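These notes concern the structure reproduced below.
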2 protein chains.
Amino acid sequence: MKLTMNRNLFIQELQKVQRAISSKTTMPILTGVKIELSQKGLTLTGSNADISIETFLNVENEQAQMQIEKTGAIILQARFFSEVMRRLPEDDFTLEVVENNQVAITSGKANFMVNGLDADDYPHLPVIETANQIQIPVHVLNKLISETVFSVSQHESRPILTGVHFVLKNQVLLAVATDSHRLSQRKIPLENTDDQFDIVIPGKSLIELSRSYGDDEEAVISIRMMDNQVLFETQNMKFYSRLLEGTYPDTDRLIPTNFNTTIEFEVKKLLAAIDRASLLSHEGRNNIVRLHIADDGVILYGNSPEIGKVEESLSYTQVTGEPLDISFNPDYMKAALRAFGDTSIHIHFISAIRPFILEPSEGQGEFVQLITPVRTN
Amino acid sequence: MKLTMNRNLFIQELQKVQRAISSKTTMPILTGVKIELSQKGLTLTGSNADISIETFLNVENEQAQMQIEKTGAIILQARFFSEVMRRLPEDDFTLEVVENNQVAITSGKANFMVNGLDADDYPHLPVIETANQIQIPVHVLNKLISETVFSVSQHESRPILTGVHFVLKNQVLLAVATDSHRLSQRKIPLENTDDQFDIVIPGKSLIELSRSYGDDEEAVISIRMMDNQVLFETQNMKFYSRLLEGTYPDTDRLIPTNFNTTIEFEVKKLLAAIDRASLLSHEGRNNIVRLHIADDGVILYGNSPEIGKVEESLSYTQVTGEPLDISFNPDYMKAALRAFGDTSIHIHFISAIRPFILEPSEGQGEFVQLITPVRTN
């Protein structure tokens with residue numbers, strides 16, 4: 001293998017696959033990046049136990065200025081190799097596999113000779129058939145992830161809850177996440193498919209996925225599924241994730257539909273007030289704030305006996321229904337509010353001890369956040 | 001005490017004194033900021049075992065929009081108080097000490113009530129007489145610090161070496177730091193003083209000091225000394241540091257003056273090459289790189305048996321004297337080179353086992369870096 005090309009473009013490709021490469025792994029070869037050179041171009045691969053990323057740079061990409069003198073493949077320790085690449089003196093560099101998997105990296109007067117590993121020893125990526133495939137704009141997928149993934153459980157006691165549940169049925173894609181204290185759910189109509197599936201994707205994979213793809217309005221991503229793997233594919237990148245095994249709990253019945261108190265807020269103002277109140281709750285043992293809804297106003301309270309307290313009369317758009325005193329974890333509320341962006345929402349309550357829900361003021365039913373309150377007596 | 005003023009300006013003042021406030025301290029009152037209000041303005045104080053910072057904001061500062069309704073003083077837990085200040089909803093805020101050291105902080109509709117501590121319990125700052133005082137431009141002091149402080153020892157086995165040695169004598173200010181493997185020395189002529197002193201200031205204090213004062217070309221700082229304290233003072237800020245006790249070793253005799261090999265480099269190019277070579281040395285056990293100086297060129301080698309090796313033919317301006325093969329810690333070299341900035345330097349060698357020195361190509365004698373090589377056989 002021998003390649004000369006633009007250094008910055010190579011580094012860009014390397015950074016993409018490095019998301020999948022961990023320096024802590026029980027398989028030493030997975031600390032490496034697989035570099036594969038064909039006459040068509042350059043393929044880089046990184047992988048860990050959960051995700052694999054493969055990128056392709058076409059030889060015809062003019063910016064890359066690729067000169068392919070000899071095709072082949074090699075594995076290089078990814079962290080060290082990327083440190084070397086970033087410090088080379090010139091705009092281009094040459095990578096050449098000499099003998100015994102030794103790799104010469106040259107740029108200007110700097111000559112590195114680095115020990116590589118045999119590319120044949122790298123594990124094979126899963127083969128995923130083209131059946132069972134949907135297409136979705138990248139920015140829609142990223143929004144879906146950011147609206148739900150924060151609600152996955154951080155605890156391995158119920159592994160299935162560490163993932164987001166994706167269900168495609170009747171031309172609607174449903175994404176749900178819950179850690180059993182709160183729940184996030186988004187529905188998206190997908191009219192051009194008659195497929196159906198029911199999978200659970202690890203939350204950590206989804207976070208890396210949304211970091212891997214920018215918010216390019218034009219780009220479309222293909223999603224392909226197998227029994228235990230899912231592949232997200234765009235023109236120049238493949239992102240594989242394992243799926244979580246097991247049955248996701250039925251969450252439909254958790255979301256109430258009849259309420260006794262409803263209040264409309266601007267997200268930005270409410271978020272700022274919750275953030276202030278949480279300063280106090282974070283200092284206390286229980287981390288709860290109290291919301292008091294009455295005819296004469298809506299007041300938020302935070303309290304920590306040792307440090308002090310805060311109270312704030314909240315600005316709201318309108319309130320209907322019965323008075324209410326309810327306590328909840330402000331961090332759950334902050335995360336839910338951030339998922340709405342700068343808009344207006346309704347919060348619907350049943351009572352101080354029943355879960356309450358947040359919905360956008362417009363477009364209800366497609367996006368909902370649910371939070372379980374904390375009983376204080 | 002009751003004060004209404006611009007929130008951002010208050011936060012700026014608070015950030016300055018927070019440099020001196022640690023949340024880890026054996027004296028709980030030192031986790032607090034002292035807030036003192038007189039008819040002249042607002043004084044904030046933060047302190048730890050090593051440094052104390054006091055800032056003053058004049059009531060006549062128009063941006064501050066200060067309304068002083070009642071003078072007084074209080075201590076508030078600094079970290080929590082600054083979190084509150086940053087999250088208040090409006091551009092201005094009111095701070096009022098009510099009863100039992102409770103402090104009401106209000107801004108818009110947000111009302112905090114925070115437990116404070118009695119200001120009388122705050123330790124007194126050292127009283128420093130105006131005698132024994134020099135004046136020096138802030139940017140000169142900052143340069144002096146950045147040129148030397150990285151060479152102080154990080155180990156407490158010889159505490160005196162964790163500080164920078166400042167000596168004023170014969171109208172020359174000398175600053176020296178050494179960890180016994182390398183040494184940094186800068187001399188500055190100070191023509192307007194007949195004072196003399198000999199003090200050792202902790203390196204950590206100097207780092208905080210240079211962060212506290214920007215690089216304002218106009219500002220002048222007064223330095224005042226007592227037996228165990230030094231005060232750096234500008235118009236609106238006082239920075240106190242304790243001094244290190246003990247006798248600093250005699251470093252004059254350590255700096256050689258006769259050499260057998262001299263080579264001139266551009267700092268930027270040499271630094272980049274050393275940085276590349278250090279990638280390999282950092283992976284090995286010894287962390288050394290080797291410099292080979294001969295008639296046919298100058299070559300830098302880095303090597304790590306497990307990972308690989310690098311060699312680079314170095315660009316230099318000129319070389320004189322005998323051939324030489326010398327090994328050294330590249331991290332010491334990188335730190336020394338960075339202290340010179342983007343300029344040209346001479347490196348003077350005696351032999352492979354004797355310390356070598358770096359000096360600017362112009363203005364020799366005023367600034368020198370010394371590095372002890374590593375014997376490899």
Residue identified as in contact with a Leu (Cβ under 9 Å, 6 or more places away or on another chain), at pLDDT below 95, more than 21 Å from A:G246 (Cα to Cα) and away from chain B (no Cβ under 14 Å) among A:L190, A:L168:
A:L190
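Of all residues in segment B:75-90, which are part of a helix (DSSP H, G or I), within 16 Å of B:I29 (Cβ to Cβ) and not aliphatic (A, V, I, L, M)?
At the first step, the residues of segment B:75-90 found to be part of a helix (DSSP H, G or I) are B:78-87.
Then keep just the ones that are within 16 Å of B:I29 (Cβ to Cβ); that gives B:78-81.
Once the filter is applied, which keeps residues that are part of a helix (DSSP H, G or I), within 16 Å of B:I29 (Cβ to Cβ) and not aliphatic (A, V, I, L, M), segment B:75-90 yields B:R79, B:F80, B:F81.
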Need the failing condition index for A:S210 against (1) modelled with pLDDT of 95 or more; (2) closer than 13 Å to A:T148 by Cβ, just the number.
(1)
Any idea which of A:T257, A:T262 is in contact with a Ser or Thr (Cβ under 7 Å, 6 or more places away or on another chain) and more than 10 Å from chain B (Cβ to nearest Cβ)?
A:T262
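Do we find a residue being without any contact (Cβ under 8 Å) to a residue 40 or more places away in the chain and part of a helix (DSSP H, G or I) anywhere in segment B:5-15?
Taking segment B:5-15 and keeping what is without any contact (Cβ under 8 Å) to a residue 40 or more places away in the chain, we get B:12.
Next, only the ones that are part of a helix (DSSP H, G or I) stay: B:12.
Looking for residues that are without any contact (Cβ under 8 Å) to a residue 40 or more places away in the chain and part of a helix (DSSP H, G or I), one finds at least one in segment B:5-15, hence yes.
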Scanning segment A:17-72 residue by residue, the ones that are acidic (D, E) and either outside the structural domain of A:T94 (by TED's automatic domain parsing) or not in a strand (DSSP E or B) (or both) total 3
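Quick check: anything in segment A:98-117 farther than 30 Å from A:A339 by Cα, touching a strand residue (DSSP E or B) at 6+ places or on another chain (Cβ under 9 Å), of a type in the set (A, V, I, L, M, F, W, C) and away from chain B (no Cβ under 14 Å)? Break it down into steps so the answer makes sense when it comes.
Residues of segment A:98-117 farther than 30 Å from A:A339 by Cα: A:98-117.
Within this subset, residues satisfying the condition of being touching a strand residue (DSSP E or B) at 6+ places or on another chain (Cβ under 9 Å) are A:98, A:100-117.
Now drop any that are not of a type in the set (A, V, I, L, M, F, W, C), which leaves A:98, A:103-105, A:110, A:112-114, A:117.
Cutting the leftovers down to away from chain B (no Cβ under 14 Å) gives us none.
No, segment A:98-117 has no match at all.
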For segment A:65-94, which positions are crowded, with 20+ Cβ neighbours inside 10 Å and away from chain B (no Cβ under 13 Å)?
A:M66, A:I75
Go through the residues of segment B:108-126 one by one and say whether even a single one is surrounded by fewer than 16 Cβ atoms within 10 Å (Cβ to Cβ) and among the hydrophobic types (A, V, I, L, M, F, W, C).
no
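With the requirement that a residue be small (G, A, S), closer than 24 Å to A:T94 by Cβ and surrounded by 19 or more Cβ atoms within 10 Å (Cβ to Cβ), what does segment A:14-40 give you? First the steps, then the outcome.
If we filter segment A:14-40 for residues that are small (G, A, S), which is where we start, we get A:20, A:22-23, A:32, A:38.
Those still in the list that are closer than 24 Å to A:T94 by Cβ too: A:32, A:38.
Correct list: A:G32 only.
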Residue check, A:F259 surrounded by 19 or more Cβ atoms within 10 Å (Cβ to Cβ) and not assigned by TED's automatic domain parsing to the domain that holds A:H181:
no
For the structure I just gave you, tell me whether A:V167 is assigned by TED's automatic domain parsing to the domain that holds A:M226, aliphatic (A, V, I, L, M) and surrounded by fewer than 21 Cβ atoms within 10 Å (Cβ to Cβ).
yes
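Looking only at residues that are aliphatic (A, V, I, L, M) and more than 14 Å from every other protein chain (Cβ to nearest Cβ) in segment B:289-312, which one is nearest to A:T106 (Cα to Cα)? I'd like the intermediate steps shown before the answer.
From segment B:289-312, those aliphatic (A, V, I, L, M) are B:289, B:291, B:293-294, B:298-300, B:307, B:310; that's our starting set.
Now drop any that are not more than 14 Å from every other protein chain (Cβ to nearest Cβ), which leaves B:291, B:293-294.
Working: B:L291: 19, B:I293: 22, B:A294: 23 Å.
Selected residue: B:L291.
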Output for segment A:201-229, where each listed residue is within 26 Å of A:E156 (Cα to Cα) and not in a helix (DSSP H, G or I):
A:I201, A:P202, A:M225, A:M226, A:D227, A:N228, A:Q229
When you scan segment A:164-186, how many residues do you find that are within 15 Å of A:P373 (Cα to Cα) and either outside any strand (DSSP E or B) or without any contact (Cβ under 8 Å) to a residue 40 or more places away in the chain (or both)?
3
Has segment B:322-344 got any residue that is aromatic (F, W, Y), more than 28 Å from the chain's Cα centre (by Cα) and farther than 30 Å from A:I75 by Cα?
no
Which of the residues belonging to segment B:134-160 are without any contact (Cβ under 8 Å) to a residue 24 or more places away in the chain and under 13 Å from B:K204 (Cβ atoms)?
B:E156
Just one of (1) more than 14 Å from chain B (Cβ to nearest Cβ); (2) in contact (Cβ under 8 Å) with a residue 24 or more places away in the chain trips up A:T43, so point out which.
(2)
With surrounded by fewer than 18 Cβ atoms within 10 Å (Cβ to Cβ), within 14 Å of chain B (Cβ to nearest Cβ) and of a type in the set (G, A, S) as the only criterion, which of A:S278, A:S315 stands out?
A:S315
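The values are calculated or read from the model by the stated rules, or taken from the named source; none is laboratory data. Fair warning: this is a prediction, and the values are worked out from it, not measured in the lab. In this analysis, Cβ positions are derived from the backbone assuming ideal geometry, glycine residues included, and neighbour counts consider all displayed protein chains.
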